[in-house]
Amino acid sequence: MGVSVAEYLGQRTDVDTPTIEPAFIKPDNRNWERYADDLPRCPFTAGNICKKAKSGNEPVCCVRKPDGTLWLNCSDRLCCTKQDIPLSAHQRNILYQVGKYIFSQDVHEDDICVKREARLSVIEGTKYNADYVITLRSGRTDYSGPDRLVLEMQGGGETTNTGVQTNHIKSWREIGARSNAYLRRPTDASTLETNAWRRQQEQFIVKGNIAMKTWKGYGIAFCVGTLLFDYLKDKLADANLPDLRNYNWTLALIAFKEDTSAPPTAGPIPLVVDEDRLLYTNYQTFVQALINQGEPSLDAFRGTFITLNNETVIVP
């Protein structure tokens with residue numbers, strides 16, 4: 001079987017009480033602002049309207065694979081960025097965890113400073129925003145990593161057969177004896193790690209390069225779920241990336257997993273840094289490893305071609 005709904009509008013489905021109720025979602029193609037008073041608020045931001053419900057989609061935050069692994073299904077789930085509003089308790093918790101694994105386990109919450117949606121420029125004038133720029137109030141002391149970093153958070157992970165999952169949730173909405181057990185039934189949808197990485201790697205490469213060029217001692221950290229971390233590690237298994245955790249690393253890959261240290265309780269699924277999935281290495285080496293994945297492909301450049309008049313020719 002495929003994935004199941006693990007979290008619906010910040011409510012985990014693997015507990016049976018209280019019964020999760022369907023959220024109001026935008027019902028037609030009109031502007032969402034018409035429904036602003038009725039649309040649900042995202043539990044992981046500082047009271048913003050749920051972006052999925054605003055778009056007319058079901059507010060699924062996470063899905064779960066058959067082995068129990070979470071796949072973050074919404075770009076706001078891990079730690080989204082919103083300017084000019086206070087950080088939510090969830091955002092502060094995630095950023096504090098990240099800060100301890102970037103700087104030191106000894107840092108205090110009020111030592112860590114972030115700038116949200118910081119504007120970054122590239123040569124041709126295209127504008128990029130960093131999710132965060134993170135540093136310490138007092139600057140670097142004796143830590144092995146960068147003084148300031150671009151901090152990127154995994155965007156929403158896509159799934160296959162989303163229509164199947166949507167229809168399943170629709171049937172859950174319509175049944176009389178609604179239950180969390182019904183909502184968490186497996187569907188034929190599955191995770192798409194490849195698409196998630198393809199969508200983010202351009203910005204990851206560009207933003208990291210901007211950090212490297214801006215000042216010596218700057219770097220980039222990328223926070224992902226465990227499935228995307230494993231996908232990247234598998235792709236780069238032959239790259240022999242140097243482990244620079246205790247040296248002058250410039251790139252960190254930090255995975256978050258479900259915190260299973262306590263029995264499940266109603267509410268959001270708690271996330272914690274996965275200490276078995278941490279990578280500290282050199283940014284340039286990492287990017288070179290990505291580029292070097294290609295192999296010579298002579299057959300692609302010779303053999304059967306067609307002319308623009310649709311005549312078949314053989315090119316040696």
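The values are calculated or read from the model by the stated rules, or taken from the named source; none is laboratory data. Everything numeric in this text was worked out from a predicted model, so none of it was measured. When we count neighbours, we look across all protein chains shown, and the Cβ atoms used for this are built from the backbone with ideal geometry, even at glycine.
Counting only residues that are surrounded by fewer than 15 Cβ atoms within 10 Å (Cβ to Cβ) and either among the aliphatic types (A, V, I, L, M) or without any contact (Cβ under 8 Å) to a residue 40 or more places away in the chain (or both), which one in region 207-223 is farthest from Gly157 (Cα to Cα)?
Lys216
So, of the residues in region 247-281 that are in contact with a Leu (Cβ under 6 Å, 6 or more places away or on another chain) and over 22 Å from Gly156 (Cα atoms), which turns out to be surrounded by the fewest Cβ atoms within 10 Å (Cβ to Cβ)?
So the residue we want is Thr281.
Filter region 218-258 for residues that are part of a loop (DSSP other than H, G, I, E, B) and either of a type in the set (Phe, Trp, Tyr) or not assigned by TED's automatic domain parsing to the domain that holds Ile123 (or both); which is modelled with the lowest pLDDT? I'd like the intermediate steps shown before the answer.
First pass over region 218-258, keeping only residues part of a loop (DSSP other than H, G, I, E, B): 236-250.
Within this subset, residues satisfying the condition of being either of a type in the set (Phe, Trp, Tyr) or not assigned by TED's automatic domain parsing to the domain that holds Ile123 (or both) are 247, 249.
Working: Tyr247: 89, Trp249: 94.
Per the stated criteria, the residue is Tyr247.
Do we find that Phe204 is among the aromatic types (Phe, Trp, Tyr) and in contact with a Leu (Cβ under 7 Å, 6 or more places away or on another chain) in this structure?
Working: among the aromatic types (Phe, Trp, Tyr): yes; in contact with a Leu (Cβ under 7 Å, 6 or more places away or on another chain): no.
So Phe204 fails the test.
Somewhere in region 210-217, is a residue part of a helix (DSSP H, G or I), of a type outside the set (D, E, K, R) and assigned by TED's automatic domain parsing to the domain that holds Tyr8?
No.
Test Arg199 against the stated conditions and say whether it is touching a residue at least 40 places away in the same chain (Cβ under 8 Å) and in a helix (DSSP H, G or I). Lay out the reasoning, then the answer.
On the way: touching a residue at least 40 places away in the same chain (Cβ under 8 Å): yes; in a helix (DSSP H, G or I): yes.
Yes.
Just a yes or no: is a residue in region 180-200 of a type outside the set (A, V, I, L, M), surrounded by 15 or more Cβ atoms within 10 Å (Cβ to Cβ), closer than 25 Å to Ser104 by Cβ and touching a strand residue (DSSP E or B) at 6+ places or on another chain (Cβ under 8 Å)?
No, that holds for no residue.
Under the condition of being of a type in the set (Lys, Arg) and out of contact with any helix residue (DSSP H, G or I) (no Cβ under 6 Å at 6 or more places or on another chain), which residue from region 1-52 is surrounded by the fewest Cβ atoms within 10 Å (Cβ to Cβ)? Don't jump to the end; show me each part of the working.
First, pick out the residues of region 1-52 that are of a type in the set (Lys, Arg): 12, 26, 30, 34, 41, 51-52.
Subset that is out of contact with any helix residue (DSSP H, G or I) (no Cβ under 6 Å at 6 or more places or on another chain): 12, 30, 34, 41, 51-52.
Numbers: Arg12: 23, Arg30: 10, Arg34: 12, Arg41: 15, Lys51: 18, Lys52: 24.
Step by step, filter region 1-52, then rank; the result is Arg30.
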